[in-house]
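In what follows, a structure is listed as C-alpha cells, so that the remarks can point back to it.
Each value in this text was obtained by applying a stated rule to the coordinates, not by laboratory testing. Bear in mind that the values here come from a model prediction, so they are computed numbers and not experimental data. A quick note on method: Cβ atoms are made from the backbone with ideal geometry, for glycine too, and the neighbour counts reach across all protein chains shown.
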Amino acid sequence: MPLSLLARCIIAIMMAAVTPAAVAQAYPTKPIKLVAPSSPGDAPDVIARLVADKLSVVLGQQVVVENKPGAGGVVGSDAVAKAAPDGYTLIMGNAGSHGINAAVYATLPYDIQRDFAPVSQVAVAPNVMVINPSIPAKTLAEFIAYAKSQPGKLSYASGGNGSSAHMSMELFKSMAGVDIQHIPYKGSSPALTDLVAGQVAVFIGNMPPTVPLVKAGKLRALAVTTTAHSALMPELPTIAESGLPGYETVAWFGVLAPAGTPPEIVKRLSLEIGKIARSPEMRDKLLAMGAEPVGGTPEEFRAVIDRDIAKWKPLAQKVGIKVD
C-alpha cells in the first residue's frame, strides 16, 4: 500500500512537471494536415503548398495539404472547426473563407470569430480586374462608360456566390453605378476559362491564376483593387485612382487552427510560419505570384479578420447578397 501511494505521488509530480512549454516543445510528434478550402491550383492551394514544404522541414514532421473545396470554403472550414484542437489540423484561410463568408451566409455551421484560432497571416495580394479583349475598352474609365451604355447586357464571372470575386465586383458596381449581371462558377479556373472564351465580359480575381493569361494576351488587365500598385504589374493603375476613390479590396491568406488549440502550439506555429513567409526564398516565390509576404502575430491576424467581416456585412445587406 505505501508503495502504491509512493507511485501515485511520483506520477503526480511527473505530470505537474509537464508544463505547457514542454508540450509545445514536444509538438509535433506526427504529421500535420493543412487544409486548403479550394480546388488544386487556386491561390489558397498554391500558397498552402509553399508553406507546407517549408514547415515540414522546420518542424521535423510532414505537413500534408488536403484540398477540401466547396461552398466558397465552407466545406473545408467546417471540417477544421470541428477537428481536434491539438495542432494537427490547420487551414489556409483566405479573405473569402474567413472574412466574406461571415457577411453573406445566412447561417454557417460554425462561427468564424469564435471557432478558429488565428495563427499567422502569410500573404496579401491585390485582386485584378480583367476583361475579354473583345471589349472595346483600354482603361477602367472606358469600361465604365461602355457598361453604362448597355445596362444589364454585360455579365461578370465569379468563383461562386459570396466569393471574394463576387463581393469585389458588387462593390465596384455599387461605386461605379453600372448594371452588370453576375454569373457564378465553381471556382476561379472555370470562370477564367469562360472569360477567355468570351462567354462573360469581366472578372475580378486573384493574381496567381490571372496574370499568366494577361501576359499571354488572352485577357486585358484594367486595374488592381488595392490602394498601392502591384509589384508584379506596376504599370497597372488602381481602381481608386482610376475614378473610384476609396475603392479597395485585398486578398489575404493565413493559417488558422481550431479554437482551443493550446496557445503554446499556436505561438510556435506563428513564429515558424512568420519566418517562412519573410524568408528571401518565399518572398521571391510570393512576389512572382503577385502576392506579398506578411507574417505577424495571432492577434494581428485576428484584427484583419475582424475588420474584413465588419467591412463586408454592410455591403452584403445593401445589395441583398445572401447565400443559404
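For a paramagnetic label modelled on GLN113 (point 7 Å from Cα along Cα→Cβ), amide N atoms under 17 Å away belong, within segment 296-320, to 299-317.
Using a cut-off of 28 Å between alpha-carbon atoms, which lysines can reach LYS322, once sequence neighbours fewer than 8 places away in the same chain are excluded? Answer for LYS322, where 28 Å is the Cα cut-off: LYS68, LYS82, LYS148, LYS153, LYS173, LYS186, LYS311, LYS313, listed by chain and number.
Applying a length cut-off of 15 Å (Cα extent along the axis) and a mean Kyte-Doolittle floor of 0.5 to the DSSP H helices of the chain leaves 2-17, 43-59. Note on GLU281 and ALA303: the extension gain reaches 5.2 nm, defined as 0.36 nm multiplied by sequence separation minus the Cα-Cα distance. Full extension of the chain segment joining ALA288 with THR227 gains 20.0 nm, where the gain is 0.36 nm per residue of separation less the Cα-Cα distance. For the chain, a Gaussian network of Cα nodes joined below 10 Å ranks THR193, THR225, THR297 by mean-square fluctuation, and the top entry is THR193. Placing dummy labels 7 Å off each Cα toward the beta-carbon, the span from ALA259 to GLU142 is 5.1 nm.
Each label point was placed 7 Å from the Cα along the Cα-to-Cβ direction; for GLU241 and SER149 their separation is 2.7 nm.
Between the C-alpha center of segment 191-268 and that of segment 66-101 there is a gap of 20 Å. For the options ASN132, ASN206, ASN94, a Gaussian network treatment of the chain with springs between C-alpha atoms closer than 10 Å singles out ASN132 as fluctuating the most.
Between LYS311 and HIS182, the contour length at 0.36 nm per residue exceeds the alpha carbon distance by 44.3 nm. Calculated mean residue ellipticity at 222 nm for the chain: -13500 deg cm²/dmol, from DSSP H runs with n ≥ 4 weighted as -39500 (n - 2.57), summed, divided by the residue count and rounded to 500.
Classify the chain as rounded, prolate or oblate from the Cα gyration tensor: take a ≥ b ≥ c as the square roots of its eigenvalues, call it rounded if a/c is under 1.5, otherwise prolate when a/b beats b/c and oblate if not. Prolate is the answer for the chain, as a/c is 1.5 or above and a/b outweighs b/c.
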